[in-house]
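Student: One structure, pasted below without further comment.
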């Protein structure tokens, strides 16, 4: 038995969702959107099952999807990618696994930023790597250059960046990305960029990919997710984009993970990337409306809400809200007293956790958000600590 996995508990997402199911709580914890997603993508998936091949597609992905990914990034991010530089994966987490297993050898150090997606550390350690943490703190969650330099050593090989950053709901600006690009070039690092939230940005801001910065084209692995672009998290269709030398090695790791991805979903995502730009734009505005609605409701209930520039999430600062409980205790009390599930942000730290921030998902129907706000406001007096 592998002790790495034997010691693991259930993910915080599944644990809180299970409690929501058991208690009937409104689930504002796990990040999935209400609604069906774009109808054209659903119809394309159903049609492909009946009219196209259901046998193994190419290991690196259908040519139609790989070309659609490259075309999509040319339109939206001015990237000059070839279809040969795209490898289709079974979701972005599998893309992360393939990239980490391909780029990290035993003893290699990997710089990653806390708070961080909970798959990162187990994948790094399974590859034999050593995670080196740079701690980010609210409310700005900014990357400090001095802390970054303190984390690097002669054994560092990879920088793992989630941008936009879940759960902090922040997005790196051009200056911050230029600093990271210079850092990677000067220390000869490969950057693995988890950019699944690249289209879920607000207030007119647009995502900038690190691969587009000087010196980064040959040393960056860019990871995307159809599940996030089209709010179809169950599709589990993702991809990596990288220069040919990197893409070839990553594809070899991919072939022994999932090997390939259901062909009907690949055709559907290709259709979506080619035709659904307007839906993606409309969804961005709809999600921003949900963010603003939940923020106003929580502020009205007396909570200090942190800024949310991107992703499906916003967070509250419990200390600034006059609450003495830590985030785990408060999250449990919120289910018991108000019937609303959330996520304690301390779960996204491997060490030296921030323990006073609670995360909520806002990509829900207005009625769901309003019901959650009402429950929280009515229970506010019992929640203080």
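The values are calculated or read from the model by the stated rules, or taken from the named source; none is laboratory data. A quick note: this is a predicted structure, and the numbers were derived from the prediction, not measured. Backbone-built Cβ (ideal geometry, glycine too); neighbour counts: all protein chains shown.
Student: Could you grab the pairs with beta carbons closer than 7 Å, sequence gap of 6+ or different chains, first residue in region 19-40 and on the phi > 0 side of the Ramachandran plot, second one surrounded by fewer than 20 Cβ atoms within 10 Å (Cβ to Cβ)?
Tutor: Within 7 Å, the pairs are 24/339.
Student: Could you check region 223-308 for helices (runs of 4 or more DSSP H) lying wholly inside it with 2 or more residues that are touching a residue at least 24 places away in the same chain (Cβ under 8 Å), surrounded by fewer than 24 Cβ atoms within 10 Å (Cβ to Cβ) and over 20 Å from the mean Cα position of the chain (by Cα)? Can you show your working first?
Tutor: Numbers: elements: 226-229, 244-254, 263-275, 277-300.
Counting at least 2 such residues, we get 244-254, 263-275, 277-300.
Student: Also, quick follow-up: Can residue 315 be described as at pLDDT 95 or above and assigned to a loop (DSSP other than H, G, I, E, B)? Reasoning before the result, please.
Tutor: Values: at pLDDT 95 or above: yes; assigned to a loop (DSSP other than H, G, I, E, B): no.
No; evaluated as a whole, the condition is false for this residue.
Student: So is residue 184 under 24 Å from residue 78 (Cβ atoms), in a helix (DSSP H, G or I) and touching a strand residue (DSSP E or B) at 6+ places or on another chain (Cβ under 6 Å) or not?
Tutor: Numbers: under 24 Å from residue 78 (Cβ atoms): yes; in a helix (DSSP H, G or I): yes; touching a strand residue (DSSP E or B) at 6+ places or on another chain (Cβ under 6 Å): yes.
Yes; evaluated as a whole, the condition is true for this residue.
Student: Tell me yes or no: at least one residue of region 130-148 is part of a loop (DSSP other than H, G, I, E, B), surrounded by 18 or more Cβ atoms within 10 Å (Cβ to Cβ), assigned by TED's automatic domain parsing to the domain that holds residue 216 and over 20 Å from the mean Cα position of the chain (by Cα).
Tutor: No, region 130-148 contains no residue that is part of a loop (DSSP other than H, G, I, E, B), surrounded by 18 or more Cβ atoms within 10 Å (Cβ to Cβ), assigned by TED's automatic domain parsing to the domain that holds residue 216 and over 20 Å from the mean Cα position of the chain (by Cα).
Student: Turning to a different aspect of this structure: Collect the residues in region 54-93 that are more than 29 Å from residue 205 (Cα to Cα), touching a helix residue (DSSP H, G or I) at 6+ places or on another chain (Cβ under 6 Å) and not in a helix (DSSP H, G or I), keeping them in residue-number order.
Tutor: Residues satisfying the conditions are 57, 60, 62.
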